[in-house]
1. Of the residues Ala30, Ala48, which single one is crowded, with 17+ Cβ neighbours inside 10 Å, out of contact with any Pro (no Cβ under 8 Å at 6 or more places or on another chain) and of a type outside the set (Ser, Thr, Tyr)?
2. Any idea how many residues of segment 45-62 are under 23 Å from Tyr185 (Cα atoms) and not in a helix (DSSP H, G or I)?
3. Filter segment 63-111 down to the residues that are buried (at least 18 other Cβ atoms within 10 Å of the Cβ) and assigned to a strand (DSSP E or B), then identify the one that is farthest from the ligand (Cβ to nearest atom).
4. Name the one entry in Ser20, Ser55 that is modelled with pLDDT of 95 or more and open to solvent by 30 Å² or more (accessible area, probe 1.4 Å).
5. Could you check Lys33 against (1) in contact (Cβ under 8 Å) with a residue 60 or more places away in the chain; (2) within 16 Å of the ligand (Cβ to nearest atom); (3) assigned to a loop (DSSP other than H, G, I, E, B); (4) among the charged types (D, E, K, R) and say which number it fails?
6. Determine if segment 176-198 includes at least one residue that is in contact with a helix residue (DSSP H, G or I) (Cβ under 6 Å, 6 or more places away or on another chain) and either of a type in the set (S, T, N, Q) or over 21 Å from Leu22 (Cα atoms) (or both).
7. Among the residues of segment 196-226, write down those that are surrounded by 13 or more Cβ atoms within 10 Å (Cβ to Cβ), over 24 Å from Pro163 (Cα atoms) and in contact (Cβ under 8 Å) with a residue 12 or more places away in the chain.
8. Which residues, taken from segment 166-187, are aliphatic (A, V, I, L, M) and either away from the ligand (no atom under 12 Å from the Cβ) or on the phi > 0 side of the Ramachandran plot (or both)?
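The values are calculated or read from the model by the stated rules, or taken from the named source; none is laboratory data. Not measured: the values here are computed from a predicted model. For neighbour counting, all protein chains shown are included, and Cβ atoms are generated from backbone atoms with ideal geometry for every residue, glycine included. Note: areas computed on protein heavy atoms with side chains; ligands, DNA, RNA excluded. Shrake-Rupley method; radii C 1.70, N 1.55, O 1.52, S 1.80 Å.
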Amino acid sequence: MADTATEKLPVVVLISGRGSNLHAIIDCAASGKLPIEIRAVISNRPAAAGLQYASAAGIATEILDHTTYTDRARFDQALQAAIDRHAPALVVLAGFMRILTADFVNHYRGRMLNIHPSLLPEFPGLDTHRRALESGATEHGASVHFVTPETDGGPVILQAHVPVKPGDTEESLAARLLQEEHRLYPLAILWFAAGRICVDDAGKARLDGALLTRPVDMADIHDLPC
Ligand code: GRF
């Protein structure tokens, strides 16, 4: 974590596609409200649109095409080496669409965050917007959590809630939620950079030293960085 008010937290961001969360994080950092230095953006897909935005912002980008590796473990080892060359204090998964091996995840224990488009533990995995609509839920949301070997199963720190409205489609619901994700992720990263959140020895998330018995609702936070 950053030692002083002026020191910036070194971060590596992993993406697979569009990169709108990456975009929001870059813009928040550029505004001076998020004290991080994004040392690299790494994508497992060569065509990930987010790479272009990162390059335009002057951030180093790398492509590790998972289809060129014989198995998951070898890809994860190469990815770990690529990440660690930048010596990040935090690894940010921003739409990184890969199941990760336990060895990889454990290497970044307590220093890897993910954003997931559901109110975890509801709807881990894919197609969260469709599943939320099919369930008849009146509320949907997004979660930022520490990453553990169980996919989308790590301790949740922050959530953003949105209403499900009559006539919503997967697309309309996803678009409403994405706007909230773009405010939620910078907040979680800010808290990490400030040393406010961590995972304790029991694997539980703590905020300001206190056990988080439930995720913080972004609606209760009145000083969002972006
Ligand atoms: C977001 O909905 C995020 O919650 C999920 O993947 C999507 C990534 O979108 N993990 P983007 O690439 O950041 O635009």
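1. Selected residue: Ala48, the only one of Ala30, Ala48 that is crowded, with 17+ Cβ neighbours inside 10 Å, out of contact with any Pro (no Cβ under 8 Å at 6 or more places or on another chain) and of a type outside the set (Ser, Thr, Tyr).
2. So the answer is 9.
3. Leu90
4. On the way: Ser20 fails: open to solvent by 30 Å² or more (accessible area, probe 1.4 Å).
Criteria check complete, one pass: Ser55.
5. If we test Lys33 against (1) in contact (Cβ under 8 Å) with a residue 60 or more places away in the chain; (2) within 16 Å of the ligand (Cβ to nearest atom); (3) assigned to a loop (DSSP other than H, G, I, E, B); (4) among the charged types (D, E, K, R), just (2) comes out false.
6. No, segment 176-198 contains no residue that is in contact with a helix residue (DSSP H, G or I) (Cβ under 6 Å, 6 or more places away or on another chain) and either of a type in the set (S, T, N, Q) or over 21 Å from Leu22 (Cα atoms) (or both).
7. Arg196, Ile197, Cys198, Val199, Lys204, Ala205, Leu207, Leu212
8. Our first condition is that a residue be aliphatic (A, V, I, L, M); within segment 166-187, this holds for 173-175, 177-178, 184, 187.
Scanning segment 166-187 gives a single hit, Leu187.
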